[in-house]
Amino acid sequence: MLPNRLFLLLIAVIFSVTGCSHYRPAPAAFHAALQEPYRLDSGDTIRLLVYEEADLSQSYAVDQAGYVSIPLVGNVPARGRTAQELELDIAARLADGFLRDPDVAVEVERYRPIFVMGEVGAAGQYLYVPGMTVQKAIAASGGFSPRAYQGSVDITRSVNGEIMTGRVPISDPLLPGDTLYVRERLF
């Protein structure tokens with residue numbers, strides 16, 4: 001009789017521990033977003049180059065509403081667009097009564113930040129650098145704390161306007177705007 005009770009107790013402990021972990025593997029769209037062209041959002045800064053127009057060629061921030069305010073043409077929607085899509089829109093607006101055949105280039109000057117939370121040396125907001133991985137972001141935030149689980153982390157990411165959270169290994173690449181959460185280890 002005792003072995004059955006011990007077995008049942010062991011099963012109950014296993015279910016309670018695994019039930020509390022809220023394991024969420026990363027959905028397929030989560031990793032597919034890494035292969036898509038970069039989409040602008042609030043917090044990004046673009047560099048606009050209008051050839052032979054030095055007054056227009058400068059840096060512009062994407063505001064909280066998702067717009068870039070450009071002299072002569074006003075607010076241009078940037079959220080969810082690629083740099084090339086924004087470039088075509090600005091060129092079309094400048095050609096509509098301001099410049100004849102404008103030559104426009106748009107590039108991302110500074111990406112929106114990432115956020116690192118949980119069991120790290122210094123949780124907070126950090127600059128995103130192209131090619132950044134989870135491990136590099138943790139290193140930038142002071143490394144793992146002594147209580148940190150170092151095998152994987154939870155990332156919250158916006159994919160096509162939908163907020164998704166998934167668990168990934170520390171070798172996974174990041175995207176601008178990602179939020180990392182380093183969990184505490186159980187033992």
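Derivation of every value follows stated rules applied to the coordinates shown; laboratory data play no part. Predicted, not measured: the structure shown is a model, and the values here were computed from it. All Cβ positions, even for glycine, are placed from backbone atoms using ideal geometry, and neighbour counts span all protein chains on display.
So what is the 222 nm mean residue ellipticity for the chain from helices alone, if each DSSP H run of at least 4 adds -39500 (n - 2.57) and you divide by all residues, rounding to the nearest 500 deg cm²/dmol?
Calculated mean residue ellipticity at 222 nm is -7000 deg cm²/dmol.
What residues qualify as long-range amide H neighbours of VAL159, i.e. H under 5 Å apart, gap of 5 or more or another chain, H built at 1.01 Å from N?
Amide H neighbours of VAL159: MET164.
Once you charge only the Cβ atoms, +1 for Lys and Arg and -1 for Asp and Glu, what is the size of the charge dipole of segment 50-187 about its Cα centre, to the nearest 20 debye? Working shown, then result.
Working: 12 positive and 18 negative charges, 188 e Å.
Dipole size: approximately 900 debye.
Among DSSP bridges having both ends in the chain, what percentage is antiparallel? Round to the nearest 5.
85 percent
Can you work out ³J(HN,Hα) from phi for every residue in segment 72-88, in order, using Karplus 6.51 cos²θ - 1.76 cosθ + 1.60 and θ = phi - 60°, giving whole Hz and x for Gly and Pro?
Listing the rounded values in order: 6, 9, x, 7, 10, x, 10, 4, x, 9, 7, 4, 5, 5, 5, 4, 5 Hz.
Filter the trypsin sites (Lys or Arg not before Pro) in segment 98-145 to those in DSSP coil with at most 13 other Cβ atoms within 10 Å of their Cβ, and list the result.
Counting only loop positions with at most 13 other Cβ atoms within 10 Å, the trypsin sites (Lys or Arg not before Pro) in segment 98-145 are ARG100.
Tell me, what HN-Hα J-couplings in whole Hz come from the Karplus equation 6.51 cos²θ - 1.76 cosθ + 1.60 at θ = phi - 60° for each residue of segment 30-42, using x for Gly and Pro?
My calculation for segment 30-42 gives 4, 7, 5, 4, 5, 9, 7, x, 5, 10, 5, 7, 4 Hz in order.
Please get the size of the charge dipole for segment 45-110, origin at its Cα centre, with Cβ charges of +1 on Lys and Arg and -1 on Asp and Glu, quoted in debye to the nearest 20.
Numbers: 6 positive and 12 negative charges, 55 e Å.
That gives a dipole near 260 debye.
Using amide H atoms built 1.01 Å from N in the peptide plane, name the residues 5+ places from GLY177, or on other chains, whose amide H lies under 5 Å from its own.
ILE114
List every residue whose amide H lies under 5 Å from the amide H of ARG81, counting only residues 5 or more places away in sequence or on a different chain, with H placed 1.01 Å from N in the peptide plane.
For ARG81, whose amide H was placed from the backbone, the distant partners under 5 Å are LEU40.
Test of understanding: ordering VAL134, VAL73 by Cβ neighbours within 10 Å, fewest first, what list do you get?
VAL73, VAL134
Once label points are set 7 Å from the Cα along Cα→Cβ at both SER59 and ALA95, what is their separation, rounded to one decimal in nm?
Taking the two extended label points, one gets 3.0 nm.
In whole Hz, with x marking every Gly and Pro, tabulate ³J(HN,Hα) for segment 45-61 from phi via Karplus 6.51 cos²θ - 1.76 cosθ + 1.60, θ = phi - 60°.
10, 9, 10, 9, 10, 10, 4, 6, 9, 4, 5, 8, 7, 6, 8, 9, 8
How are the alpha carbon pair distances in segment 38-180 distributed across 5 Å bins from zero to the largest one, expressed in percent?
All Cα pairs considered, the percentages come to 2, 10, 18, 18, 14, 11, 9, 8, 5, 3, 1, 1, 0.
What is the diffusion coefficient of segment 45-110 in µm²/s, taking the Kirkwood radius over Cα pairs and the Stokes-Einstein relation at 25 °C with a viscosity of 0.890 mPa s? If you can, show how the numbers build up before the last one.
Values: Rh = 11.7 Å.
Rounded, D is 210 µm²/s.
For segment 45-110, build the charge dipole from Cβ charges (+1 Lys, Arg; -1 Asp, Glu) around the Cα centre, then report which of LEU99, GLY74, LEU49 sits farthest towards its positive end.
Value computed over the given set: GLY74.
If you rank PHE187, PHE115 by fewest surrounding Cβ atoms within 10 Å, what's the result?
If I rank by nearby Cβ atoms, fewest first, I get PHE187, PHE115.
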